[in-house]
Amino acid sequence: MDTLSQFKDEFETEYQTTRKFFEVYPENKNEYAPHEKSMKMMPLATHIAEVFGWPDIMLKTSDLDFATSGYQPKQLSSKEDLLQVLDENFKSAKEALNNAKEENLNDTWALKNDGHELAKWSKYGSIRHALNQITHHRAQLGVYYRINDIPLPGSYGPSADDQSF
């Protein structure tokens, strides 16, 4: 089974769909959140864009420790920033997947905080988790759009807003 080829195809599909969502991102709604416990719209969209870079990190490291790695979420402020980060991260993920070997997917990868293991998967599982995160958070973004009367692009077929259906 050629898992890396399948991952590349899936990331390409998710990238194209996410790019459509970001192309209609509303500039004046960065601080919008549907509930006090919800992420604001721009940090949510930024997180989605950043997840596209995770395969590069996952394939080149054995873990990410939030306390010691220096990782800080990006602070974006515009649709153009979102599209640029999405494009850059997709490119790095694609390159990492192109350079990986099937056996690399058996190695383990973990999320940590100050040495405490929060989650651990095979690299296959961690990349699959990243794809799930993209889908999950893009669906959240779609709810934010719907609440704000922003027409939704189709994801896995047409949306109710597509004129073609």
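Output the residue which, of all residues in segment 89-110 that are part of a helix (DSSP H, G or I) and among the hydrophobic types (A, V, I, L, M, F, W, C), is farthest from the chain's Cα centre (by Cα). Looking at residues that are part of a helix (DSSP H, G or I) and among the hydrophobic types (A, V, I, L, M, F, W, C), I get Leu105. Output yes when any residue across segment 121-137 is of a type in the set (A, V, I, L, M, F, W, C), assigned to a helix (DSSP H, G or I) and closer than 16 Å to Met41 by Cβ, and no when none is. No, segment 121-137 has no match at all.
Total residues in segment 138-165 satisfying the condition of being of a type in the set (A, V, I, L, M, F, W, C), surrounded by fewer than 17 Cβ atoms within 10 Å (Cβ to Cβ) and outside any loop (DSSP other than H, G, I, E, B): the figure is 3.
In segment 27-84, how many residues are assigned to a strand (DSSP E or B) and not acidic (Asp, Glu)?
Summing the residues that are assigned to a strand (DSSP E or B) and not acidic (Asp, Glu) in segment 27-84 gives 1.
Within segment 153-165, residues that are modelled with pLDDT of 90 or more have Cβ atoms under 7 Å from residues that are not in a loop (DSSP other than H, G, I, E, B) in these pairs: Pro153/Lys20; Pro153/Phe21; Ser155/Thr17, counting only partners at least 6 apart in sequence or on another chain. Within segment 51-62, restricting attention to residues that are surrounded by fewer than 18 Cβ atoms within 10 Å (Cβ to Cβ) and not small (Gly, Ala, Ser), the residue that is nearest to Ala119 (Cα to Cα) is Thr61.
Per-residue answers, yes or no, for (1) within 19 Å of Leu44 (Cβ to Cβ); (2) surrounded by fewer than 14 Cβ atoms within 10 Å (Cβ to Cβ); (3) of a type in the set (Gly, Ala, Ser):
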site: Leu86; (1), (2), (3): yes, no, no
site: Ala100; (1), (2), (3): no, no, yes
site: Ala110; (1), (2), (3): no, no, yes
site: His116; (1), (2), (3): no, yes, no
site: Ala119; (1), (2), (3): no, yes, yes
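Which of (1) surrounded by fewer than 20 Cβ atoms within 10 Å (Cβ to Cβ); (2) farther than 25 Å from Ala119 by Cα is the odd one out, the single condition Leu82 does not satisfy? It fails just one condition, (1).
Applying the set (1) closer than 21 Å to Glu14 by Cβ; (2) in contact with a strand residue (DSSP E or B) (Cβ under 8 Å, 6 or more places away or on another chain) to Tyr71 leaves exactly one unmet item: (1). Of everything in segment 21-50, what is under 17 Å from Gln133 (Cα atoms) and either among the hydrophobic types (A, V, I, L, M, F, W, C) or exposed (fewer than 13 other Cβ atoms within 10 Å of the Cβ) (or both)? Give them in sequence order. Passing the criteria: Phe21, Phe22, Met39, Met41, Met42, Leu44, Ala45, Ile48, Ala49. The set of residues in segment 102-126 being of a type in the set (Lys, Arg) and touching a residue at least 60 places away in the same chain (Cβ under 8 Å) consists of Lys123 alone. Can Ala130 be described as closer than 22 Å to Glu50 by Cβ and among the aliphatic types (A, V, I, L, M)? So Ala130 fits the description; yes.
The values are calculated or read from the model by the stated rules, or taken from the named source; none is laboratory data. Just so you know, these numbers come straight off a predicted model, no measurement behind them. Cβ: placed from backbone, ideal geometry, glycine included. Neighbour counts: every protein chain shown.
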